[in-house]
Every structure is written in structure tokens, then in C-alpha cells.
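A short worksheet on the structure shown next.
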Amino acid sequence: MAHYLTLFTFRGEVKGGGPERYKVFKGLAESVGGKIVYFGGLMGPHDVMTITDYPDLKAAMLGSTRIGNL
């Protein structure tokens, strides 16, 4: 599997956080065959960075889109 780095920026009100939000990210990645290798909060223009293994580019795009629509 290939590693993908993704940067996320939250828009509007963020409901939930901490371990609950990580579980949601993890579940969405796993729903398309992915696995989160690293998940971390950031300061600056982006809020979260993930490094994720996905089986292919299509799965990576689908997982990132699902997470981005939270």
C-alpha cells in the first residue's frame, strides 16, 4: 500500500473532538481499505495532518473526500 499525506482545514463549527474525532477519521479511512499511520493536530492554516495507507489512488481520494466532508 502507498502512503498519502493529507492536510485538513475545518470550516464552520467543529462538533466533537479529541478521541471521538479520531475514531470518525479512522472509520472513514478503513471503510475504503485504508489505515491511518499518523494523525496529528496542526497550528497555522491547516488543522489536521494524516499519513494514511490506502490500497490505491482511487481509495485515497474517496477516503480523503469522505473525511473532508465531516
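The values are calculated or read from the model by the stated rules, or taken from the named source; none is laboratory data. Keep in mind the model is a prediction, meaning the values are calculated, not measured. All Cβ positions, glycine included, derive from the backbone under ideal geometry; neighbour counts span all protein chains shown. For the accessible areas, the whole protein counts, side chains as well, though only heavy atoms, and no ligand, DNA or RNA atoms are used. Shrake-Rupley method; radii C 1.70, N 1.55, O 1.52, S 1.80 Å.
Residues being among the basic types (Lys, Arg) and at pLDDT 90 or above are entirely absent from segment 6-21. Of all residues in segment 27-56, which are part of a helix (DSSP H, G or I) and without any contact (Cβ under 8 Å) to a residue 12 or more places away in the chain? GLY27, GLU30 - these are the residues of segment 27-56 that are part of a helix (DSSP H, G or I) and without any contact (Cβ under 8 Å) to a residue 12 or more places away in the chain.
Considering only residues in segment 54-65 that are within 11 Å of the chain's Cα centre (by Cα) and closer than 13 Å to ILE36 by Cβ, the one that is modelled with the highest pLDDT turns out to be ALA60. Taking the conditions exactly as written (surrounded by 12 or more Cβ atoms within 10 Å (Cβ to Cβ) and in a strand (DSSP E or B)), does TYR4 satisfy them or not? When the stated conditions are applied, TYR4 passes them.
Among the residues examined, THR65 does not qualify as touching a strand residue (DSSP E or B) at 6+ places or on another chain (Cβ under 6 Å), among the β-branched types (Val, Ile, Thr) and not in a loop (DSSP other than H, G, I, E, B). Entry remark, segment 1-41: residues being within 13 Å of ALA59 (Cα to Cα) and among the small types (Gly, Ala, Ser) number 5 in total.
The residues listed here are GLU13, GLU30, GLU20; of these, the one that is among the acidic types (Asp, Glu), open to solvent by 70 Å² or more (accessible area, probe 1.4 Å) and under 16 Å from HIS3 (Cα atoms) is GLU30. State all residues of segment 49-70 that are open to solvent by less than 40 Å² (accessible area, probe 1.4 Å) and of a type in the set (D, E, K, R); if no residue qualifies, say none. Of everything in segment 49-70, just one residue is open to solvent by less than 40 Å² (accessible area, probe 1.4 Å) and of a type in the set (D, E, K, R), namely ASP53. Scanning segment 34-48 for residues that are touching a strand residue (DSSP E or B) at 6+ places or on another chain (Cβ under 8 Å) and open to solvent by 40 Å² or more (accessible area, probe 1.4 Å) yields LYS35, VAL37, TYR38, PHE39, GLY41, LEU42, HIS46, ASP47.
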